[in-house]
Amino acid sequence: MRTPLNRRQFLVRSSTAAAGMWLAGRSFGKISPNEKLNLGVIGTANRAGDDLHHVSTENIVALCDVDATLLAAAKKKYPKAALYGDFRKMLERNDLDAIVVGTPDHTHAVATVAALQSGRHVYCEKPLAHTVSEARRIAEVAREQKRITQMGTQIHATSNYREVVDVIRKGTIGPVREVHVWISKVYTADGLPADKTPVPAGLDWDLWLGPAQERAYSPEYVPKQWRRYWAFGGGTLADMGCHYIDLPYWALGLRYPISVETEGPPVNAEGTPEWLIARYEYPARGESPPVKLTWYHGRKNKEEVRPPHFARGELPEWGSGVLFVGDKGMLLAEYLKYVLLPEKNFPPPPPPLKHDDFETKHHQEWINAIKTGGTTSCNFDYSGALSEAVLLGNVAYRSGSKILWDPVNLQAKGNPLAEQYIQHHYRSGWKI
């Protein structure tokens, strides 16, 4: 079911929904730091299992998974938790303070919006949504409900990322006008999977599909390869963009791009691309100049797609990274280290981190903010804008032409083909 929403419709629908929903009791007041939160966790294995582990200092009251086998395994670790196959049933409980959403991308929005409208604080894995319109909707509802939120970009909590942000903001390399982000990891598929074996025992395939259009089960989708298919994920850019583009977004105060254009292989209707270059332009922000940000992933003709600085011998051979180009020099960063270039012009950077418990820190920041009425650094306002930009790269690629972005009306000016990829498309029975 196609449900395009502009900004005005977002506001009307969200205010109507908010008026009709009951709201959880104690989650609207501060909770003592000595009290434990009552958590409901949607998803119990793989990435969701990691989330579950990192919030397990609190009361795990309810667990939800569409796979009964995985749910039973989680029950052994959390024997006091009630079990659910459908998150909508779990949200009918009145004793949950907060919800963790660790599902595949295509069900992030339906689960997150429902949880927010029921009055719960929410932690949701990245990217925040499957489509641009969903990301905007989630941010709107979080703002209206005044909930404490956090997107699961765990790398955001590394000491290294925080140091890089400080170095950039202090002007060590001067004003930054150019950023390059490249990734060695690739999720890609060249069409529908050929393997269509029967649905395994215990898996509720209809619930796993959720709002996605009905299709046959394949082991290529579940449990880990769904990111390779447009129906459920957004490939490498949607997955890794939220980790790596997060750093320039944070350090430079970026929000909505002016334009996005891409180059890549011919578009496949089902599978995400083997390689992609996405070029974003951002406006000036106060005294900070406009920024051109370029994303690269994959291999073209067996050659890794990377910034031209490598061919010129200006960069060390890092597998993935973020390069800030300033008027006075460059800063190259990845998760746990950074270096200022050319090195002869700058003091040596700190040694690479050998260990940094950033995942626990990121989850704990959300938990602490709920208990104290504090804030989080990847709340849905910040991470919603980041997710929108990441997803717009895929929109520009799939629509086949440059996007001139109108963030107020969620429109790609001059590119009518983009609309179908900006808006969410839900099958009957699912909505936000």
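The values are calculated or read from the model by the stated rules, or taken from the named source; none is laboratory data. In this text, all values refer to a predicted model and were calculated from it rather than measured experimentally. Note that each Cβ is placed from the backbone with ideal geometry, even for glycine, and that neighbours are counted across all protein chains shown. Accessible surface is based on the protein model in full, side chains and every heavy atom, while ligands, DNA and RNA are left aside. Shrake-Rupley method; radii C 1.70, N 1.55, O 1.52, S 1.80 Å.
Conditions tested, residue by residue: (1) within 30 Å of ALA157 (Cβ to Cβ); (2) modelled with pLDDT under 95.
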{"site": "GLN213", "(1), (2)": "no, no"}
{"site": "GLU220", "(1), (2)": "no, yes"}
{"site": "ARG227", "(1), (2)": "yes, no"}
{"site": "PHE232", "(1), (2)": "yes, no"}
{"site": "GLY235", "(1), (2)": "yes, no"}
{"site": "CYS242", "(1), (2)": "yes, no"}
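For the range 226-247, the criterion of being over 26 Å from TRP182 (Cβ atoms) and part of a loop (DSSP other than H, G, I, E, B) is satisfied by at least one residue. Scanning the range 257-271 for residues that are among the hydroxyl-bearing types (Ser, Thr, Tyr) and open to solvent by 20 Å² or more (accessible area, probe 1.4 Å) gives a single hit, THR262.
Condition check for ARG227 on (1) open to solvent by 30 Å² or more (accessible area, probe 1.4 Å); (2) out of contact with any helix residue (DSSP H, G or I) (no Cβ under 9 Å at 6 or more places or on another chain): one failure, at (2). The number of residues in the range 40-84 that are more than 22 Å from GLN150 (Cβ to Cβ) and either among the hydroxyl-bearing types (Ser, Thr, Tyr) or open to solvent by less than 20 Å² (accessible area, probe 1.4 Å) (or both) comes to 3. Do we find a residue being touching a residue at least 24 places away in the same chain (Cβ under 8 Å), open to solvent by less than 10 Å² (accessible area, probe 1.4 Å), under 17 Å from the mean Cα position of the chain (by Cα) and under 13 Å from VAL260 (Cβ atoms) anywhere in the range 401-415? No, every residue in the range 401-415 fails to be touching a residue at least 24 places away in the same chain (Cβ under 8 Å), open to solvent by less than 10 Å² (accessible area, probe 1.4 Å), under 17 Å from the mean Cα position of the chain (by Cα) and under 13 Å from VAL260 (Cβ atoms). Among the candidates SER133, SER159, the residue that is more than 12 Å from the chain's Cα centre (by Cα), among the small types (Gly, Ala, Ser), modelled with pLDDT under 95 and more than 25 Å from GLU35 (Cα to Cα) is uniquely SER159. Only a single item in (1) at pLDDT 95 or above; (2) touching a strand residue (DSSP E or B) at 6+ places or on another chain (Cβ under 7 Å) is not met by ARG2, and it is number (1). Candidates are the residues of the range 183-213 that are touching a helix residue (DSSP H, G or I) at 6+ places or on another chain (Cβ under 8 Å) and closer than 30 Å to TRP318 by Cα; the one that is most open to solvent (accessible area, probe 1.4 Å) is LYS185.
State yes or no: is GLU274 more than 17 Å from TYR244 (Cβ to Cβ), touching a residue at least 60 places away in the same chain (Cβ under 8 Å) and surrounded by 14 or more Cβ atoms within 10 Å (Cβ to Cβ)? Even if it seems obvious, please write down each step before you answer.
Details: more than 17 Å from TYR244 (Cβ to Cβ): yes; touching a residue at least 60 places away in the same chain (Cβ under 8 Å): yes; surrounded by 14 or more Cβ atoms within 10 Å (Cβ to Cβ): yes.
Spelling it out, GLU274 is indeed more than 17 Å from TYR244 (Cβ to Cβ), touching a residue at least 60 places away in the same chain (Cβ under 8 Å) and surrounded by 14 or more Cβ atoms within 10 Å (Cβ to Cβ).
Taken together, the residues in the range 35-63 that are part of a loop (DSSP other than H, G, I, E, B), over 19 Å from the mean Cα position of the chain (by Cα) and touching a residue at least 24 places away in the same chain (Cβ under 8 Å) amount to 4. Comparison of ALA189, ALA216 shows that the only residue that is more than 23 Å from PHE310 (Cα to Cα), out of contact with any strand residue (DSSP E or B) (no Cβ under 6 Å at 6 or more places or on another chain) and not in a helix (DSSP H, G or I) is ALA216. Against the conditions (1) more than 24 Å from LEU410 (Cβ to Cβ); (2) not in a loop (DSSP other than H, G, I, E, B), ASN268 satisfies every one except (2).
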